[in-house]
Amino acid sequence: MEKITREAAFKPTLSKGESKADAISKAALAIIDQEVAAREEKTARLREARLAKEAADRAAESATATRPRKAPKQS
């Protein structure tokens, strides 16, 4: 036989409104977590693309770079 304790005998139950609010809160938090994960994934993808483009631009710039012209001598 199971021992009856104070917590088991007087277990608090949520009212209808509280249980509905709890379900809505859990659903909202799940949606927010999904949006945060999607935003972080997109940010990481865009950062990688930007860094790759900057590296390609630097490589193209160094390949086409010429020595700077010397200023004409003034007497």
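Every number in this text was worked out from the coordinates using simple rules, so none of it is lab data. Keep in mind that this is a model prediction, so the values were computed, not measured.
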For the chain, restrict the atom set to alpha-carbon positions and state the Rg and Dmax in Å. 32.4, 112
What is the helix-to-structure angle for 16-64, meaning the angle in degrees between its Cα long axis and the longest Cα principal axis of the chain, kept from 0 to 90 and rounded to the nearest 10? 10
Which of the lysines could a cross-linker span from residue 53 if the Cα-Cα distance has to be under 17 Å and same-chain partners fewer than 8 positions apart are dropped? 42
Mind checking which of 28, 38, 63 has the largest fluctuation in a GNM of the chain, springs on alpha carbons under 10 Å? 63
Excluding residues fewer than 8 places away in the same chain, name every one of the lysines whose C-alpha is closer than 19 Å to that of residue 20. 11
